[in-house]
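Before any comments, here is the structure.
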Amino acid sequence: MISAMQIVVLNGPNLSRLGKREPEVYGRQTLDDINCELAASFPEISFEFFQTEFEGQLLEKLFQSEDQGGCRGVVLNAGALTHYSIALRDAISAITIPVVEVHLSNIYAREEFRRRSVISEVCVGVISGFGANSYHLGVRALLGIAHNG
Ligand code: DQA
C-alpha cells in the first residue's frame, strides 16, 4: 500500500488571530479557513496543522516532524519570530526535512524590521506576499522537491 504524502503546516505567534487581525494586511480568512482550503485543494496529501504562540513549541514540532518519519516537508509561517529567532533558525538547520518559509504579506514591502528574515538562509525557499495562496504555493514547492529530488 502507498501511504499518503505527509506535510506539516506550522504557524507561529499571532496567526491564530487571522480574520480579525489587521484584515487590510492579512486578509479576512481565518487560519481554519486557510487550512480547510489547503486540505480540500490537495486531497492526496495528509496534512498536520499546528499553530502556537510559543517559540519552543514550534521548535518541538519541527523536531517531531523529522523524528516521526514519513513527513516530506514543512510549510512554516513563523510570524514575527521570522525576524529575530536564532533558536528557530538553529532548529531548522538541525533537521534534514525541507522547510518552506511563507508569509501572507510581502515582508520586503513593509517596515524595515520585517525586511530581514533570520530563517530564509536555512529554508529551501521563501514565498511572501500572496495572501492565503502563499501556503498553497509552499505546498506546491514541497511537492516539486518530493517528485524531483
Ligand atoms: C507574517 C509577517 C510577519 O512580519 C508578521 O510578524 C506576522 C505575519 C505574514 O504572514 O505576513 O505575524 O509572517
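How many of the residues making up region 91-147 are touching a residue at least 40 places away in the same chain (Cβ under 8 Å), under 24 Å from S46 (Cα atoms), assigned to a loop (DSSP other than H, G, I, E, B) and within 12 Å of the ligand (Cβ to nearest atom)?
Final tally of qualifying residues: 3.
Pull up region 19-50, narrow it to residues that are within 19 Å of S105 (Cα to Cα) and in contact (Cβ under 8 Å) with a residue 40 or more places away in the chain, then point me to the one that is surrounded by the most Cβ atoms within 10 Å (Cβ to Cβ).
Within region 19-50, the first condition is being within 19 Å of S105 (Cα to Cα), and the residues that meet it are 19-35, 37-38.
Now restrict to residues that are in contact (Cβ under 8 Å) with a residue 40 or more places away in the chain: 25-27, 29, 33-34, 37-38.
Working: V25: 10, Y26: 19, G27: 18, Q29: 17, D33: 14, I34: 25, E37: 15, L38: 20.
Applying the filter and picking the extreme gives I34.
Looking at region 1-32, which of the residues that are among the acidic types (D, E) and in a helix (DSSP H, G or I) is farthest from the ligand (Cβ to nearest atom)?
Step one: filter region 1-32 for residues among the acidic types (D, E), giving 22, 24, 32.
Add one more test, that the residue is in a helix (DSSP H, G or I), and what stays is 24, 32.
Numbers: E24: 12, D32: 16 Å.
In this case the residue turns out to be D32.
Would a scan of region 51-65 turn up a residue that is open to solvent by 20 Å² or more (accessible area, probe 1.4 Å), farther than 20 Å from N14 by Cβ and touching a strand residue (DSSP E or B) at 6+ places or on another chain (Cβ under 6 Å)?
As a first pass, look at region 51-65 and keep what is open to solvent by 20 Å² or more (accessible area, probe 1.4 Å): 51, 53-57, 59-61, 63-64.
Restricting the remaining residues to those that are farther than 20 Å from N14 by Cβ gives 63-64.
Applying the additional criterion that residues be touching a strand residue (DSSP E or B) at 6+ places or on another chain (Cβ under 6 Å) yields none.
No, because not a single residue in region 51-65 is open to solvent by 20 Å² or more (accessible area, probe 1.4 Å), farther than 20 Å from N14 by Cβ and touching a strand residue (DSSP E or B) at 6+ places or on another chain (Cβ under 6 Å).
Quick one: F113 ticks every box in (1) surrounded by 14 or more Cβ atoms within 10 Å (Cβ to Cβ); (2) farther than 25 Å from H147 by Cβ except a single one, so which number is it?
Of (1) surrounded by 14 or more Cβ atoms within 10 Å (Cβ to Cβ); (2) farther than 25 Å from H147 by Cβ, only one is false for F113: (1).
Any chance you could count how many residues in region 80-127 are within 20 Å of S16 (Cβ to Cβ) and of a type in the set (G, A, S)?
Of the residues in region 80-127, 3 are within 20 Å of S16 (Cβ to Cβ) and of a type in the set (G, A, S).
If I go through region 69-90 residue by residue, how many of them are part of a strand (DSSP E or B), within 9 Å of the ligand (Cβ to nearest atom) and open to solvent by 20 Å² or more (accessible area, probe 1.4 Å)? Please lay out each step first, then the result.
Within region 69-90, the first condition is being part of a strand (DSSP E or B), and the residues that meet it are 71-77.
Applying the additional criterion that residues be within 9 Å of the ligand (Cβ to nearest atom) yields 77.
Filter again for open to solvent by 20 Å² or more (accessible area, probe 1.4 Å), leaving none.
Of the residues in that region, 0 qualify.
The values are calculated or read from the model by the stated rules, or taken from the named source; none is laboratory data. Since the structure is predicted, the reported quantities are computational estimates derived from the model, not experimental observations. Note that we place each Cβ from the backbone using ideal geometry, even for glycine, and neighbour counts take in every protein chain shown. Protein only, heavy atoms only, side chains kept; ligands, DNA and RNA dropped before computing areas. Shrake-Rupley method; radii C 1.70, N 1.55, O 1.52, S 1.80 Å.
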